[in-house]
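J.: A single structure is presented below for examination.
The values are calculated or read from the model by the stated rules, or taken from the named source; none is laboratory data. This one's a predicted model, so the numbers in the text were calculated from it and none came from an experiment. Quick reminder, even Gly has a Cβ in these numbers, built from the backbone with ideal geometry, and neighbours come from all protein chains shown. Just the protein is used for accessible areas: all its heavy atoms, side chains included, with ligands, DNA and RNA removed. Shrake-Rupley method; radii C 1.70, N 1.55, O 1.52, S 1.80 Å.
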Amino acid sequence: GAVVSQHPSWVICKSGTSVKIECRSLDFQATTMFWYRQFPKQSLMLMATSNEGSKATYEQGVEKDKFLINHASLTLSTLTVTSAHPEDSSFYICSARRDLGEQYFGPGTRLTVT
Amino acid sequence: DQQVKQNSPSLSVQEGRISILNCDYTNSMFDYFLWYKKYPAEGPTFLISISSIKDKNEDGRFTVFLNKSAKHLSLHIVPSQPGDSAVYFCAAKGGTASKLTFGTGTRLQVTL
């Protein structure tokens with residue numbers, strides 16, 4: 001299957017700072033990338049969908065000014081958590097898809113805000 | 001509003017036996033269903049899928065059954081192996097929506 005990477009795999013930051021998470025499709029061009037969030041023992045909740053070169057579409061209840069998504073190229077999308085707070089601590093997972101094909105998931109990034 | 005539900009948060013099965021994981025959905029627009037396996041601190045990996053035009057799809061030890069009238073699907077793993085121990089998510093999509101809606105997951109433990 002296709003490979004999707006995320007960087008960093010885990011990050012600890014202080015409250016009020018911003019954190020950037022990168023998602024890369026390594027062996028295919030991803031026309032669409034998705035960002036999910038997972039709380040412990042809960043489902044994966046879709047945060048936003050981004051298509052290369054256009055603005056991300058955010059799910060209801062997700063603050064677009066807090067979770068900035070950039071999909072600048074067909075192989076890279078970034079999620080920036082701005083002014084992070086402890087309640088933003090979570091496991092963030094991206095996935096990438098070429099056209100309407102299969103979605104491939106990254107390994108996830110664990111964010112801890114102290 | 002949880003449109004995809006996995007009512008069993010956990011399941012323990014002996015090695016060699018059959019594991020049956022269940023999933024129910026409420027949105028009649030869903031027409032494509034997938035099962036993912038997830039280890040802790042890793043992203044989900046795709047296992048098997050089924051389109052609503054079928055009622056069964058088989059791939060090796062994994063079989064997915066779909067009952068559209070009951071809005072229910074199940075994943076059968078036989079024989080179960082210790083390496084199958086993980087959290088299993090069912091997901092669905094359909095209609096004009098191209099996004100996946102995930103269930104809450106079932107933690108499967110295969111014991112020796």
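J.: Do you know which of the residues in segment A:46-57 that are within 12 Å of chain B (Cβ to nearest Cβ) and closer than 19 Å to A:THR82 by Cα is surrounded by the most Cβ atoms within 10 Å (Cβ to Cβ)?
T.: The extreme case among them is A:SER50.
J.: Let me ask something else about it. Of all residues being part of a strand (DSSP E or B) and within 11 Å of another protein chain (Cβ to nearest Cβ) in segment A:105-114, which is surrounded by the fewest Cβ atoms within 10 Å (Cβ to Cβ)? Just the residue, please.
T.: Only one residue tops the list, namely A:ARG110.
J.: Taking B:LYS56 as the residue in question, decide whether it is touching a strand residue (DSSP E or B) at 6+ places or on another chain (Cβ under 8 Å) and within 11 Å of another protein chain (Cβ to nearest Cβ).
T.: no
J.: Within segment A:80-102, identify whether any single residue is more than 30 Å from B:ILE48 (Cβ to Cβ), touching a residue at least 12 places away in the same chain (Cβ under 8 Å) and within 10 Å of the chain's Cα centre (by Cα), and answer yes or no.
T.: yes
J.: So, A:PHE39, is that one within 8 Å of chain B (Cβ to nearest Cβ) and either within 14 Å of the chain's Cα centre (by Cα) or open to solvent by 40 Å² or more (accessible area, probe 1.4 Å) (or both) or not?
T.: no
J.: If I ask for residues that are of a type in the set (A, V, I, L, M) and buried (at least 19 other Cβ atoms within 10 Å of the Cβ), which ones from segment B:67-89 would you list?
T.: B:LEU73, B:LEU75, B:ILE77, B:ALA86, B:VAL87
J.: Look at segment A:16-30 and say how many of its residues are within 11 Å of chain B (Cβ to nearest Cβ) and at pLDDT below 95.
T.: Residues meeting the conditions: 0.
J.: Name every residue in segment B:31-63 that is closer than 17 Å to A:LEU46 by Cβ and open to solvent by 20 Å² or more (accessible area, probe 1.4 Å), in order of residue number.
T.: Across segment B:31-63, the qualifying residues are B:TYR32, B:PHE46.
J.: Is it the case, given these coordinates, that B:ALA92 is buried (at least 21 other Cβ atoms within 10 Å of the Cβ) and more than 20 Å from A:MET47 (Cα to Cα)?
T.: When the stated conditions are applied, B:ALA92 does not pass them.
J.: In segment B:9-24, which residues are open to solvent by less than 70 Å² (accessible area, probe 1.4 Å) and within 13 Å of chain A (Cβ to nearest Cβ)?
T.: B:CYS23
J.: For segment A:68-87, what are the residues that are open to solvent by 10 Å² or more (accessible area, probe 1.4 Å), out of contact with any Gly (no Cβ under 9 Å at 6 or more places or on another chain) and under 14 Å from A:VAL113 (Cβ atoms)?
T.: If the condition is that a residue be open to solvent by 10 Å² or more (accessible area, probe 1.4 Å), out of contact with any Gly (no Cβ under 9 Å at 6 or more places or on another chain) and under 14 Å from A:VAL113 (Cβ atoms), then A:THR80, A:THR82, A:PRO86, A:GLU87 are the ones that fit.
J.: Here is a further query. Looking only at segment A:80-104, which residues are assigned to a strand (DSSP E or B) and either farther than 14 Å from A:MET47 by Cβ or more than 14 Å from chain B (Cβ to nearest Cβ) (or both)?
T.: Selection gives A:THR80, A:VAL81, A:ALA96, A:ARG97, A:GLN103, A:TYR104.
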